Amino acid sequence: MTRSTARKILAASAFAAVVAGGAGIAAAAGGDDSTEGPDTSITGDALQRAGAAALEETGGGRVTGTEVGDEESYYEVEVTRDDGSQVDVQLDENFAVVGSSADVENSDEGNG
């Protein structure tokens with residue numbers, strides 16, 4: 001087994017544990033954009049594959065939200081890192097990373 005394969009298996013295993021414990025959170029979180037319908041969470045095998053790709057992109061963390069048909073990509077996976085920062089990872093329909101961005105909504109807390 002190559003090192004890359006081992007990392008992917010480890011990431012997928014960690015992701016599966018997170019999904020098992022927190023799937024209801026992602027499913028319950030709806031979009032608050034009144035011009036769109038509710039967000040649709042990623043499910044099934046696609047959820048595992050998208051989560052593993054996102055965690056590999058971010059170097060770890062935990063998946064805290066998912067969406068199919070995001071306005072920026074086919075899949076969006078929100079990852080919360082151990083330091084509390086969040087990264088939105090954009091994936092195409094083949095689970096290839098097409099972009100990622102750090103969530104800066106709360107970056108000014110405590111500064112003034």
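Annotations
- Residue in segment 51-62 that is at pLDDT 95 or above, on the phi < 0 side of the Ramachandran plot and assigned to a strand (DSSP E or B) present: yes
- Only one of the numbered conditions (1) surrounded by 17 or more Cβ atoms within 10 Å (Cβ to Cβ); (2) out of contact with any Phe, Trp or Tyr (no Cβ under 7 Å at 6 or more places or on another chain); (3) modelled with pLDDT of 95 or more is not met by Ala26, and that is (3).
The values are calculated or read from the model by the stated rules, or taken from the named source; none is laboratory data. Just so it is clear, the model here is predicted, and its values are computed rather than measured. Note: ideal-geometry Cβ built from the backbone for every residue, glycine included; neighbour counts use all protein chains shown.
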